[in-house]
1. Do the conditions hold for Gly102, that is, is it within 16 Å of the ligand (Cβ to nearest atom) and either open to solvent by 10 Å² or more (accessible area, probe 1.4 Å) or at pLDDT below 95 (or both)?
2. Please note which strands (runs of 3 or more DSSP E) are completely contained in the stretch 116-184 and include at least 2 residues that are among the small types (Gly, Ala, Ser).
3. Would you please list the contacts, defined by Cβ atoms under 8 Å and residues six or more apart or on different chains, that run from a residue in the stretch 177-197 that is closer than 17 Å to Leu141 by Cα and open to solvent by 40 Å² or more (accessible area, probe 1.4 Å) to a residue that is outside any helix (DSSP H, G or I) and at pLDDT 95 or above?
4. Pairs only if they're at least six apart or on different chains, beta carbon under 8 angstrom, first in the stretch 77-106 and under 21 Å from Leu63 (Cα atoms), second of a type in the set (Lys, Arg) and more than 16 Å from the ligand (Cβ to nearest atom); list them, first residue then second.
5. Just one of Lys162, Lys111 is over 29 Å from Leu15 (Cα atoms), open to solvent by 20 Å² or more (accessible area, probe 1.4 Å), more than 13 Å from the ligand (Cβ to nearest atom) and of a type in the set (D, E, K, R); which is it?
6. For the stretch 132-159, what are the residues that are open to solvent by 60 Å² or more (accessible area, probe 1.4 Å) and of a type in the set (A, V, I, L, M, F, W, C)?
Amino acid sequence: MKKPDSPDANASIVLPELPYAEGALAPVISANTLAFHYGKHHKGYVDTLNKLITGTPMAALPLEEIIAQTSGKADKVAVFNNAAQVWNHTFYWKSLRAKGGGEPPAALRQKIEDDFDDVEACKKELLAAATSQFGSGWAWLVLEEDKLRVMKTGNAGTVMGKHTQPLLGIDVWEHAYYLDYQNRRADYAAAVLDKLVNWGFAADNLAAHASA
Ligand SMILES: [Fe+2]
């Protein structure tokens with residue numbers, strides 16, 4: 001029998017498993033940071049979202065639909081913030097991998113060279129977006145129409161839209177880096193881009209959206 005006072009009793013949104021061990025991204029991102037970031041922050045968004053939607057029609061909806069239905073609605077901002085943060089974090093974990101960085105797969109590299117000149121220029125734009133986002137937020141590589149583009153969003157902001165699809169997402173909230181880098185967000189973002197970024201994930205997303 002379900003316990004109605006348990007946050008998990010009627011949970012419709014589940015915290016996805018991390019795609020690697022908590023220590024897999026060290027030393028760029030420590031196991032300590034991942035333990036807090038995934039186990040406290042990401043889990044916290046899941047738990048809060050479930051509390052907010054349990055017993056409402058939204059409990060039956062997929063996460064993406066909850067985000068779409070609450071985006072820009074002043075009376076649904078708490079649901080949107082938590083739902084978007086659940087989605088953004090799941091996407092962020094996939095945007096990283098142990099021994100990442102390096103050269104993107106050929107098809108993505110060609111597309112980057114078409115739209116940014118070269119991979120270094122693309123990384124430079126991503127770094128600029130990550131460091132110039134004022135306060136908490138996200139830096140993104142997106143496919144907009146048929147062009148690659150770098151974007152940034154504040155707080156829980158997403159880049160999922162009719163004409164925009166995310167390929168990579170980098171968390172620039174302080175909780176993503178403060179234990180390892182203190183206030184040095186640029187050092188965190190540069191290290192992520194050089195050593196952890198999962199170009200294969202971006203290439204898969206490009207292929208999926210380009211053929212959609
Ligand atoms: Fe985060």
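1. No; evaluated as a whole, the condition is false for this residue.
2. Filter on the stretch 116-184 gives 137-144.
3. Asp194/Gly101; Lys195/Val28; Lys195/Lys99; Lys195/Gly100; Lys195/Gly101
4. Phe80/Lys73
5. Lys111
6. If the condition is that a residue be open to solvent by 60 Å² or more (accessible area, probe 1.4 Å) and of a type in the set (A, V, I, L, M, F, W, C), then Phe134 is the only one that fits.
The values are calculated or read from the model by the stated rules, or taken from the named source; none is laboratory data. The structure presented is a predicted model; accordingly, all values stated were derived computationally and were not measured. Reconstructed Cβ throughout: ideal geometry from the backbone, glycine too, with neighbour counts over all protein chains shown. The area values use the complete protein model at the heavy-atom level, side chains included, leaving out ligands, DNA and RNA. Shrake-Rupley method; radii C 1.70, N 1.55, O 1.52, S 1.80 Å.
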